[in-house]
Every structure is written in C-alpha cells, then in structure tokens.
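Here, each number is a calculation from the coordinates, and none is a lab measurement. Just so it is clear, the model here is predicted, and its values are computed rather than measured. Cβ coordinates were reconstructed from backbone atoms using ideal geometry, including for glycine residues, and neighbour counts include every protein chain displayed.
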Amino acid sequence: MRKVCFVITSFIHYSRNLLVLEELRKRKDVELHIVVGGSALLSKYSSKFAHIKDLLKKDGHTRLYEVYFSLEGNDLATKAKTAGLGIIEFTTLFNNIKPDVVVVRGDRFEVLSATIAAAYMSLPVAHIEGGDLSGSIDESVRHAITKFSHIHFATNAPAKERILRLGEHPNYVFNFGSPDIEVVDKLSKKSKKIDLKKTGSGASFDLKDGYMMVMFHPDINDVKKIHTYTKNILKAVHEIGLPTLWFWPNFDAGAEDLSQELRLFKDEVKGHKIRFMRYLGPREFVWLLNNTKCLIGNSSAGVKECSFLGVPVVNVGKRQNGRLKAENVVSVDFDPKKIKKAIEDQIKVGRFKSSQLYFAKNTSKNIADTIATVPLYTQKIFID
C-alpha cells in the first residue's frame with residue numbers, strides 16, 4: 001500500500017485534478033491523503049457552490065487535512081512571507097502524515113512551499129505540469145519545483161523536452177497530456193447550467209442571451225500598473241456592451257488593487273452589464289466556459305481549456321507568454337482600443353476547431369497508475 005499525499009493550494013488545483021484524484025481514490029494499492037491549504041481555504045476565493053473540502057467529501061474522499069498559512073496583504077513581501085510560513089506548516093503536516101510520495105500541481109508559490117518541505121524531509125515529489133513557459137514569476141517557480149521533484153508529468157511534448165534538458169532522469173519524465181483537458185472533455189458533455197441569481201453580484205441577465213467571460217490576474221512583474229490595466233479591460237468590455245461574467249482575481253500581489261477597481265466600477269458605473277463572480281464548482285464552470293462567446297484576460301484557462309473547447313480567447317498582456325497556444329487565442333497589449341477590437345473580431349469568427357495540443361486519452365489514469373507503481377527514490381543526480 002502506497003501512502004500518497006496530494007496537495008491542493010487553490011481552487012483551480014482541485015478542478016483540474018478532479019479525475020486524477022478520482023483515479024487515485026479508486027486504487028486498492030493507494031492510501032490517498034489530501035491536504036487543502038493556501039488560498040483554497042480563504043472564503044473570499046470560494047462561494048456556496050465551491051467550498052473545496054465539501055466538494056472533496058461529496059466526491060468520496062475521506063482523509064482530508066487543512067493547513068493555514070496565507071497572510072492577508074497586497075504587497076510582494078506578504079506573499080514571500082506566506083511562502084516561508086507554508087514551508088513550516090507543510091513540514092509539520094508531512095511529519096504527521098508520513099507519506100510515501102507527495103503530489104503537487106503547477107507553479108504557485110504555495111506549491112513551492114510544499115515541495116521544499118517535502119524535499120528536505122527526504123520525501124519523493126511528483127509534479128504535474130512542469131516544463132511549461134509563461135511570462136511571470138510562475139515560470140521561475142515552476143522550474144524550481146521541477147528541480148526539487150522526482151517524478152514529472154509534463155502536459156505537452158515541448159514541456160517534456162525542457163524537463164529533460166534540466167537534467168531530470170528520462171525514466172521519470174512522462175507526457176500523458178493535461179488532466180484538466182480530460183476534465184473539460186468529460187464535464188462539457190454534461191449540462192450544469194447555473195442560476196446567476198444565486199451567485200455573484202452586479203448586473204443581472206439571462207445566460208441564454210449570450211455572454212462573455214473575463215479572467216484577469218495580477219502579474220507581479222508589472223504590479224504597479226494593475227490599476228491602469230484593470231481600467232483598460234473594464235473600458236473595453238463595457239464599450240462592447242455584452243453581458244459579461246468577470247471572475248475575481250487570484251491570491252497574487254496586486255489582487256487587492258485589482259479588486260478595488262472592480263468594486264469602484266460596480267458601484268459607480270450605471271447601466272453596466274458585468275456580473276462579478278467567485279469560483280464555481282468545476283461542473284458549473286466548465287458549462288459556462290463551453291458556452292461563452294469569448295474569454296478575455298490572462299488566465300491559462302484561455303490557453304488550455306479553451307483551446308480544446310474551441311472558445312475564442314483574447315489574451316491580454318504577458319502573463320501567458322511562451323505557453324503553447326492554438327489558433328483560438330489572439331494576444332494583445334493593454335491598449336483598450338486593441339482589446340475592444342480583438343474581442344469584436346473574435347466574436348465574429350465564432351467557435352474554432354478543437355485543438356489537441358494538450359489532450360491525450362486516459363491522462364488521469366496513466367498519472368495515477370504511475371504514482372502508484374513507479375519505483376520511488378530521493379537522491380537526485382543530474383543527467384547530461
């Protein structure tokens with residue numbers, strides 16, 4: 001029996017790993033422990049549709065833990081201190097659970113905290129989504145996690161090659177595709193329409209009349225300009241005049257400044273058609289994403305999930321620079337006129353052909369099988 005500790009530090013980690021968790025839970029040779037921490041536990045990043053621990057229980061998971069270490073604050077120092085506290089708290093938790101392997105996903109600073117704690121406790125680390133490129137500090141964090149990790153699950157061929165060039169052992173570097181695309185493929189076939197009257201705030205409208213979505217997060221390399229950037233996107237979206245679902249930003253530095261601009265707009269601009277949303281459950285979110293006219297912002301959902309769904313995307317700024325993009329993505333800077341024109345052009349084009357950039361069959365099962373059976377080791381060597 002292999003004791004597996006899966007770390008979830010944001011709501012998106014739960015949504016994107018839904019099927020990996022399910023496959024691990026079903027295995028008789030795995031004892032699955034799930035640690036929920038970071039922004040995943042903060043009430044302002046959830047809604048009555050999306051309390052992660054409740055959703056995990058509903059999915060049938062029983063060994064659940066919570067670890068609190070997120071400091072309130074909007075500056076860079078606060079996030080750096082949060083990362084440090086995370087190392088302390090994850091160390092305590094891993095010492096109590098005593099897992100055989102720790103599984104992490106992505107490139108968030110909270111994930112780096114868990115990875116460092118595990119590595120210094122001589123625990124093997126399995127990392128999902130390493131090797132990608134992007135235009136923020138997430139890239140540095142992602143590659144650092146790769147060097148602390150022992151088992152690697154890239155989501156595309158170029159990412160796998162980068163991991164190998166970082167000196168990782170080829171027998172422990174895999175490309176089974178992206179598990180979030182498998183989640184989208186499965187959930188997009190099931191209708192889970194939501195009642196907007198029960199969530200969000202701002203404008204009211206009927207989803208069947210058509211709508212856009214905005215997912216815009218701060219980039220700490222450009223955090224001083226976040227007020228201007230947010231105003232520019234708001235201006236473009238408001239001038240388009242279509243009903244819009246705007247999701248609140250993530251936990252990065254600058255999120256409070258961004259949120260302040262959204263609140264001012266909501267309170268001061270009359271007759272707008274924007275409804276401001278917190279995170280939703282994966283089934284509800286995938287339904288919204290699959291039916292939107294266009295996604296605007298700088299979320300990786302535009303690059304990954306929307307590429308598979310064929311949803312038109314206007315990618316704004318540099319946060320997703322370097323990621324593999326399909327033809328559904330148009331990239332622009334923060335000029336409001338360029339943003340507006342790009343949105344109008346993308347809506348005219350309509351749906352794109354589904355891209356297979358990040359898709360592979362049986363992704364989650366292959367990841368779970370490998371986690372459960374691959375020989376474990378702790379001492380790494382650089383492979384030339």
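For the chain, the relative contact order is 18 percent, taking Cα pairs closer than 8 Å that sit 6 or more residues apart in sequence and dividing their mean separation by the residue count. Within the set LYS231/LYS304; LYS224/LYS338; LYS189/LYS361; LYS193/LYS293, which residue pairs have Cα atoms separated by over 19 Å? Exceeds cut-off: LYS231/LYS304; LYS224/LYS338. Pull out a ≥ b ≥ c, the square roots of the eigenvalues of the alpha-carbon gyration tensor of region 196-349, then state rounded if a/c is under 1.5, prolate if not and a/b is larger than b/c, and oblate in the remaining case. Rounded. Amide H contacts of GLN320: GLY135, each under 5 Å away and 5 or more positions distant or on a separate chain (H built 1.01 Å from N in the peptide plane; Pro and chain starts excluded).
Our coupling estimate for region 220-230, obtained by passing each phi through the Karplus curve with A = 6.51, B = -1.76, C = 1.60 and θ = phi - 60°, is 5, 6, 9, 5, 5, 9, 5, 4, 5, 4, 5 Hz, Gly and Pro reported as x. Residue separation of ASP384 and ARG63 scaled by 0.36 nm, minus their Cα-Cα distance, works out to 111.6 nm of gained length. Each residue of region 364-377 was assigned a 3J(HN,Hα) from its phi angle through the Karplus expression (A = 6.51, B = -1.76, C = 1.60, θ = phi - 60°), giving 5, 5, 5, 5, 5, 4, 5, 4, 7, 10, 5, x, 8, 8 Hz with x at Gly and Pro. How much net charge surrounds ALA117 when only other residues with a Cβ under 12 Å from its Cβ are counted (Lys, Arg +1; Asp, Glu -1)? That sum, taken over residues with Cβ under 12 Å, equals -2. Each stretch of four or more DSSP H residues adds -39500 (n - 2.57); spread over every residue of the chain, this sum gives -12500 deg cm²/dmol at 222 nm.
Most tightly packed first, judged by the mean number of other beta-carbon atoms within 10 Å of their residues, the peptides 13-25, 341-353 read 13-25, 341-353. Summary of packing: across the peptides 225-235, 106-116, the per-residue average of other C-beta atoms within 10 Å ranks them, highest first, as 106-116, 225-235.
For SER70, the residues whose amide H sits under 5 Å from its own are GLY38, ignoring neighbours fewer than 5 places away on the same chain, with H placed 1.01 Å from N.
What relative contact order, as a whole-number percentage, does region 118-272 give when Cα pairs under 8 Å and 6 or more residues apart are counted? Each step should come with its number before you reach the end.
Values: 177 pairs, mean separation 26.4, N = 155.
Relative contact order of region 118-272: 17 percent.
In sequence order, region 51-61 has phi-based couplings of 8, 4, 5, 5, 5, 5, 4, 4, 6, x, 7 Hz under the Karplus curve 6.51 cos²θ - 1.76 cosθ + 1.60, θ = phi - 60°, and Gly or Pro positions carry x.
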